[in-house]
Amino acid sequence: QVQLVESGGGLVQAGGSLRLSCAASGSIRSFNGMGWYRQAPGKQRELVAAITSGGITIYEDSVKGRFTISRDNVPNTVYLQMNSLKPEDTAVYYCNTNPPWSRLWGQGTQVTVSS
């Protein structure tokens, strides 16, 4: 059974950078789409970025040009490089397949951007 564990969040000032990692306990090779999602207080969870097994990427409009998603099938990790962070990027960030598989939601990693 594959499990996903997110890490790399923290407190950063506006304009700063963070790199999130999503480590899978099993192979993600069979998952065509992997994504990073976020949920801010009082808001619904949203897809931020996604990547296919072939490397095709999509981004939510507000993060285009600032965030970069990547994946390594060995060692089964998905990354989210976040640059030029803004206070509105503050949220809990989760990884999952795209579209998401309900049983794969983990604890997420908190990202807080101060102004």
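The values are calculated or read from the model by the stated rules, or taken from the named source; none is laboratory data. Just so it is clear, the structure is predicted and the values come from calculations on it, not from any experiment. Glycine also receives a Cβ, built like all others from the backbone with ideal geometry; neighbour counts cover every protein chain displayed. Just so you know, the surface numbers come from the protein's heavy atoms only, side chains and all, with ligands and any DNA or RNA stripped out. Shrake-Rupley method; radii C 1.70, N 1.55, O 1.52, S 1.80 Å.
Would you pick out the residues in the range 63-89 that are assigned to a helix (DSSP H, G or I) and open to solvent by 60 Å² or more (accessible area, probe 1.4 Å)?
Hit for the range 63-89 is E88, nothing else.
Given (1) without any contact (Cβ under 8 Å) to a residue 24 or more places away in the chain; (2) open to solvent by less than 60 Å² (accessible area, probe 1.4 Å); (3) farther than 21 Å from A14 by Cα, identify the lone condition not met by E60.
The single condition E60 does not satisfy is (3).
Being over 17 Å from E6 (Cα atoms) and assigned to a strand (DSSP E or B) is the filter; apply it to the range 41-62 and report the residue that is modelled with the lowest pLDDT.
So, considering only residues that are over 17 Å from E6 (Cα atoms) and assigned to a strand (DSSP E or B), the one modelled with the lowest pLDDT is T52.
For A14, state whether it is among the small types (G, A, S) and free of Cβ contacts under 8 Å to residues at least 60 places away in the same chain.
no
Given R103, R29, R38, R19, which one is in contact (Cβ under 8 Å) with a residue 24 or more places away in the chain, outside any loop (DSSP other than H, G, I, E, B) and surrounded by fewer than 16 Cβ atoms within 10 Å (Cβ to Cβ)?
Going through R103, R29, R38, R19 in turn, the sole match is R19.
Exactly one of (1) touching a Ser or Thr at 6+ places or on another chain (Cβ under 9 Å); (2) farther than 25 Å from V2 by Cβ; (3) of a type in the set (D, E, K, R) is unmet by R71. Its number?
(2)
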